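A short write-up of the structure that comes next.
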Amino acid sequence: MKLDAKIPAGPLESKWENHKFDLKLVSPANKRKFEIIVVGSGLAGGSAAATLAELGYNVKCFCFQDSPRRAHSIAAQGGINAAKNYRGDGDSIHRLFYDTIKGGDFRSREANVHRLAEVSGHIIDQCVAQGVPFAREYGGLLDNRSFGGAQVSRTFYARGQTGQQLLLGAYSALSRQIGAGQVQMFPKTEMLDLVLVDGKARGIVVRDLVTGAMESHAADAVILATGGYGNVFYLSTNAKGSNVTATYRAYKRGAAFGNPCFTQIHPTCIPVKGDYQSKLTLMSESLRNDGRVWVPKSKGDKRAPADIPDSERDYFLERKYPSFGNLAPRDIASRSAKEACDAGQGVGESGFGVYLDFADSISRLGEDQIRARYGNLFDMYERITDENPYKMPMRIYPAVHYTMGGLWVDYNLMSTIPGLHVLGEANFSDHGANRLGASALMQGLADGYFVIPYTIANYLASSKLEKVTTSHESFKAAEDSCRKRVGQLLSIKGSRTVDSFHRELGKIMWDKCGMARDRAGLQEALKAIPKLREEFWQDLKILGTNEEINQSLEKAGRVADFLEFGELMCLDALTREESCGGHFRTEHQTPDGEALRNDENFCHVAVWEHEGDATGPAKGHKRHQEELVYEHVKLATRSYK
Amino acid sequence: MKLKLHVWRQKDKAAKGRMVTYNADNISPNMSFLEMLDVVNEGLITTGEDPIAFAHDCREGICGSCGVMVNGVAHGPQDATTTCQLHMRSFQDGEELYIEPWRAKGFPVLRDLIVDRSAFDRIIQAGGFVSVNTGSAQDANAIPIRKSDADEAFNAAACIGCGACVAACKNASAMLFVSAKVAQLSLLPQGQPERQDRALNMVSAMQNEGFGNCTNQYECEAVCPKQISTDYIARLNREFIKAALTYPDAKK
């Protein structure tokens with residue numbers, strides 16, 4: 001496999017400008033001759049579909065939700081970063097670029113991240129123009145807050161519902177194009193396979209989730225914006241439907257997968273309560289602007305938090321990272337919380353929790369001010385836990401939140417399959433080994449609004465694309481294999497439910513490939529997962545048929561893919577013999593327990609290639625490397641102390 | 001906790017539905033309402049009965065996917081709460097619950113508790129946007145907006161499109177939903193050029209989808225998980241009348 005990241009030559013600051021000029025264009029009259037498929041309608045997919053339609057392309061957009069407005073981007077809470085420097089506090093494109101590279105623990109591409117920082121300001125402009133109601137100051141100008149891993153205030157927000165408001169902005173732009181007939185929208189439709197003709201991505205096979213009908217769609221290019229795969233852990237902050245199927249199917253068709261083991265564990269989530277629990281709920285990172293994280297100094301201290309005097313509390317983030325304090329990056333904050341709990345200082349019934357305390361802020365600013373900033377989050381916390389966070393500290397614990405890994409893409413956001421483009425969380429590109437808070441929204445919208453419209457034109461203008469219809473044999477073969485697979489799932493007629501398998505897989509992944517990983521554990525997981533997969537294909541029980549709304553069948557298809565994908569994650573974690581960002585191998589740490597990178601051998605993207613037939617289980621996974629070249633940033637040990 | 005559930009079962013859009021009774025045992029008060037249904041469904045699958053189909057996704061009250069009638073109240077008894085955020089501690093041990101889908105002409109039942117809400121998307125497509133192409137925006141701070149207007153626009157924009165307002169209304173009116181979007185954009189300078197057309201077109205789309213009108217019962221506001229105020233309906237009426245009088249020949 002040949003990996004060419006296609007990073008433009010020239011100085012960092014002008015790479016994107018020059019590249020845009022070098023890219024070929026499609027004339028307005030020719031745009032209407034092209035069909036583009038967009039899978040996913042979140043920030044990346046929705047913004048891409050809308051923008052490409054505005055430009056005149058014919059777009060088909062697919063989502064498994066019942067409306068594009070329900071994509072999981074909607075749940076993002078805290079905010080979106082942009083290097084506007086409206087505060088005059090020393091921010092700049094270069095600083096956002098540097099913070100993101102450093103936050104990612106020096107495992108992302110300089111050129112991509114710089115472009116992201118460059119377009120960040122335009123995103124805010126675009127969203128405001130759409131009517132997104134960002135928070136404002138009394139003078140009527142936009143307000144900012146601070147997020148982890150940065151010492152400037154560059155995060156724009158709409159209370160604790162920034163993702164919702166940005167997605168509704170993209171959704172409104174998409175709706176306008178649907179109304180105009182330029183986008184054909186297919187809600188409640190799930191992609192099951194990618195179709196290649198002459199080695200190029202030319203379409204997809206989908207299942208109508210209401211009727212069960214399998215159908216093919218042909219196009220000149222395919223865009224996947226299908227989000228992350230955090231649900232491989234079963235419990236995560238992702239929506240219940242979030243899955244790896246689209247990207248994993250593309251992987252099996254030949255698209256390489258970058259850094260699958262890079263998972264973000266978010267430090268501030270509501271702790272697990274019982275074995276019936278179906279998902280974890282995030283409490284926005286923005287809370288760390290005003291909340292202080294602490295545990296009792298002594299082990300097993302069962303006193304009520306109010307009864308523990310200040311001198312007997314360990315504000316461990318402030319103690320260990322005085323210059324960033326409670327706003328240390330996510331991977332570091334999560335690991336510190338885990339350490340405290342592992343040392344027996346955890347709070348709550350299970351002992352897996354730390355306090356996030358607002359008492360100081362409430363006495364400094366007053367309860368009303370705190371309510372104005374975080375009211376909806378406090379209410380949500382109370383609804384779930386039945387505890388009032390205005391009166392007693394929140395209890396939080398880390399949970400799986402985001403996946404930095406994803407399909408490998410070049411600078412043009414194209415995968416190793418010509419014509420297959422990947423945007424947003426679904427690609428691997430911009431966050432390295434750890435994503436900074438408020439950067440996911442930025443990347444999703446950067447990819448969709450400001451990158452893909454330029455780069456896809458270059459692909460369309462410079463490729464020879466014969467007319468292809470869905471009667472082509474490749475489509476028929478892919479449809480047949482999808483039908484066969486559904487038939488297999490339904491015919492097992494075993495005794496265990498899909499959820500029971502998913503929970504079991506999740507437990508393996510969390511125990512062995514979660515916040516801390518080691519060789520022995522990963523090797524165990526690599527034995528346990530294939531065994532579980534085998535049991536799945538022998539003992540799964542799904543009722544009903546394909547030709548109806550069958551939620552168990554939908555889940556089964558997704559879990560079947562997670563059962564293969566989990567193995568790839570463990571394999572990646574096992575072969576990356578270093579600790580970096582969210583990937584913490586206990587064998588590789590500094591004496592004071594910080595991640596110990598190995599730049600000599602691992603300053604690269606691990607790029608995996610599927611071996612074997614696309615329709616059968618993998619015969620193997622082959623590891624390639626894209627070396628990361630740092631011309632502008634000096635590789636340094638990340639320090640937030 | 002032990003509960004007795006009466007649940008609406010309907011195979012598909014064309015089939016006739018009926019209430020079926022189930023026992024829900026071993027329910028923890030800390031479970032969410034949907035986790036309670038998960039537990040019931042795991043039991044049903046084990047005994048060979050089709051699980052209850054219900055819509056859900058984020059399970060944190062923001063995607064707007066979930067929503068059922070619990071004892072005749074959209075999203076159940078807790079104020080300002082979606083079904084996924086409703087917890088079983090809101091109920092008594094031994095209670096009987098009647099669980100039904102949204103019922104409205106504009107929301108046909110697809111299966112059990114799942115309804116088709118695509119009408120809401122079509123209403124937004126009729127005008128719930130600002131027509132601005134990507135890349136043509138001016139600097140964000142070039143449009144200062146009075147803080148109180150921005151806050152009020154946000155309150156309206158908080159709508160999650162779940163459809164509880166329609167389900168709670170005896171007229172199956174979608175006016176709270178429509179008014180939230182019309183109000184948000186009419187409060188902001190960005191929404192001004194299309195203000196009148198938006199009100200006319202969205203109201204017309206709402207009527208074409210089979211939703212009724214508002215007769216001031218405020219049931220919608222009472223069940224809205226995001227506490228969208230019926231004040232916006234008053235705003236919508238004003239916007240609509242003004243637009244209809246100003247542009248009597250406008251496309252409807």
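Taking the Cβ of B:Asp57 as the centre, find all other residues whose Cβ is under 15 Å away and add up their charges (Lys, Arg: +1; Asp, Glu: -1).
Values: positive: A:Arg69, A:Arg70, A:Lys188, A:Lys240, A:Lys279, A:Lys555, A:Arg558, B:Arg59, B:Arg117; negative: A:Asp66, A:Glu190, A:Glu554, B:Glu35, B:Asp38, B:Glu60.
Charge balance in the 15 Å sphere: +3.
If you place +1 on the Cβ of every Lys and Arg, -1 on the Cβ of every Asp and Glu, and leave all else neutral, what size is the dipole of chain A about its Cα centre, to the nearest 20 Debye?
Numbers: 80 positive and 79 negative charges, 119 e Å.
Its charge dipole is roughly 560 debye.
Once you place label points 7 Å from the Cα toward the Cβ at B:Lys11 and A:Asn598, how far apart are they in nm?
6.0
For a quick check: with amide H placed at 1.01 Å from N, whose amide H comes under 5 Å from B:Val115's, ignoring anything fewer than 5 positions away on the same chain?
Here B:Leu110 satisfy the definition.
What ranking do B:196-203, A:540-547, A:244-251 get when scored by the average of other Cβ atoms within 10 Å per residue, highest first?
A:244-251, B:196-203, A:540-547
Please enumerate, by chain and number, the lysines with C-alpha under 20 Å from the C-alpha of A:Lys297, excluding those fewer than 8 residues away in the same chain.
Reachable lysines: A:Lys320, A:Lys338.
Rg (Å, one decimal) plus Dmax (Å, integer) for the alpha carbons of the protein assembly as shown?
In order Rg, Dmax, the Cα atoms of the protein assembly as shown give 25.8, 77 Å.
Once both labels are modelled 7 Å past Cα along the beta-carbon direction, what's the B:Asp249-A:Leu635 spacing in nm?
With each label placed 7 Å out from Cα toward Cβ, I get 7.2 nm.
At 7 Å along the Cα-to-beta-carbon direction for both B:Lys242 and A:Thr469, put a label point, then send me their distance in nm to one decimal.
With each label point 7 Å from Cα toward Cβ, the separation is 5.3 nm.
Under the 0.36 nm per residue contour assumption, what length would be gained going from the current alpha-carbon distance of A:His94 and A:Ala306 to full extension?
71.9 nm
What number comes out for the charge environment of A:Asp592, summing +1 per Lys or Arg and -1 per Asp or Glu over other residues with Cβ under 14 Å away?
Working: positive: A:Arg319, A:Lys320, A:Arg335, A:Arg638, A:Lys641; negative: A:Glu339, A:Glu594.
Here the count lands on +3.
Please work out the Cα center distance from segment A:458-521 to segment A:358-386, rounded to the nearest Å.
Cα centres, segment A:458-521 to segment A:358-386: 42 Å.
So if R0 is 45 Å, what FRET efficiency would A:Ala372 and A:Arg32 give, r being the distance between their Cβ atoms, rounded to the nearest 0.05? The partial results should precede the final answer.
On the way: r = 48 Å, r/R0 = 1.07.
Efficiency, rounded to the nearest 0.05: 0.40.
Under the classification rounded if a/c is under 1.5, otherwise prolate if a/b is larger than b/c and oblate if not, where does segment A:450-496 fall, given a ≥ b ≥ c as square roots of the Cα gyration tensor eigenvalues?
Because a/c hits 1.5 or more and a/b fails to exceed b/c, segment A:450-496 counts as oblate.
What shape does segment A:368-520 take by its C-alpha gyration tensor, where a ≥ b ≥ c are the square roots of the eigenvalues and a/c under 1.5 counts as rounded, a/b above b/c as prolate, and the rest as oblate? Show your work: numbers first, answer last.
On the way: a/c = 2.29, a/b = 1.38, b/c = 1.66.
Note, shape of segment A:368-520 comes out oblate.
Counting only pairs 8 or more places apart or on different chains, how many lysine pairs in chain B have C-alpha atoms closer than 23 Å?
Total qualifying Lys-Lys pairs in chain B comes to 19.
How shielded is A:172-183 by partner chains, expressed as the average number of their Cβ atoms within 10 Å of its Cβ atoms?
Working: counts 10, 6, 4, 9, 10, 2, 4, 10, 2, 0, 0, 1.
Averaged over the peptide's residues, the number is 5.
For segment B:3-111, compute Rh as the Kirkwood radius over C-alpha pairs and then the Stokes-Einstein diffusion coefficient at 37 °C and 0.692 mPa s; write the answer in µm²/s, rounded to an integer.
Numbers: Rh = 14.3 Å.
D = 229 µm²/s.
Summing +1 for each Lys or Arg and -1 for each Asp or Glu, what net charge is found among the other residues whose Cβ lies under 12 Å from the Cβ of A:His122? Could the numbers behind the result be given before it?
Working: positive: A:Lys84, A:Arg115; negative: A:Glu118, A:Asp125, B:Asp139.
Net of charged neighbours comes to -1.
Select from A:Ser334, A:Leu526, A:Ser41 the residue farthest towards the positive end of the dipole of chain A; place +1 on Cβ of Lys and Arg, -1 on Cβ of Asp and Glu, and compute about the Cα centre.
The one lying farthest along the dipole's positive direction is A:Ser41.
Given R₀ = 51 Å, what would the calculated FRET efficiency be for A:Glu318 paired with B:Asn171, taking r from the Cβ atoms and rounding to 0.05? The partial results should precede the final answer.
Values: r = 56 Å, r/R0 = 1.10.
Efficiency at R0 = 51 Å is approximately 0.35.
Assigning unit charges at the beta carbon (Lys, Arg +1; Asp, Glu -1) and nothing else, what dipole magnitude in debye, to the nearest 20, does chain B show about its Cα centre?
Numbers: 26 positive and 29 negative charges, 169 e Å.
Computed about the Cα centre, the dipole is about 820 debye.
Multiply the residue separation of B:Gln227 and B:Asn133 by 0.36 nm, subtract the distance between their alpha-carbon atoms, and state the gained length in nm to one decimal. Write down the numbers at each step before the final one.
Working: separation 94, 0.36 × 94 = 33.84 nm, distance 3.16 nm.
Full extension of this stretch gives 30.7 nm more.
Please say if segment A:1-138 is rounded, prolate or oblate, where rounded means a/c under 1.5 for a ≥ b ≥ c the square roots of the C-alpha gyration tensor eigenvalues, and otherwise the choice is prolate for a/b larger than b/c and oblate otherwise?
Working: a/c = 1.63, a/b = 1.13, b/c = 1.44.
Since a/c reaches 1.5 but b/c is at least a/b, the shape of segment A:1-138 is classed as oblate.
At R0 = 25 Å, how high is the FRET efficiency between A:Lys2 and A:Glu587 if r is their beta carbon distance? Nearest 0.05 is fine. Before the final figure, lay out each step's value.
Working: r = 33 Å, r/R0 = 1.30.
Once the sixth-power term is evaluated, E becomes 0.15.
Using alpha carbons only, how many angstrom separate the centre of segment B:186-252 from the centre of segment A:296-334?
50
When the expected Rg is taken as 2.2 N^0.38 Å, what fraction or multiple of it is the alpha-carbon Rg of segment A:489-530? Could the numbers behind the result be given before it?
Values: Rg = 12.8 Å, N = 42, 2.2 N^0.38 = 9.1 Å.
Working it through for segment A:489-530, the quotient is 1.41.
Treat every Asp and Glu Cβ in segment A:473-596 as -1 and every Lys and Arg Cβ as +1, leave all other atoms uncharged, and give the resulting dipole magnitude about the Cα centre to the nearest 20 debye.
Using Cβ point charges on Lys, Arg, Asp and Glu, segment A:473-596 gives about 440 debye.
Quick note: the coordinates plus some simple rules give every number you see, no bench work behind them. These numbers were taken from a predicted model, which means no experiment stands behind them. Note that we place each Cβ from the backbone using ideal geometry, even for glycine, and neighbour counts take in every protein chain shown.
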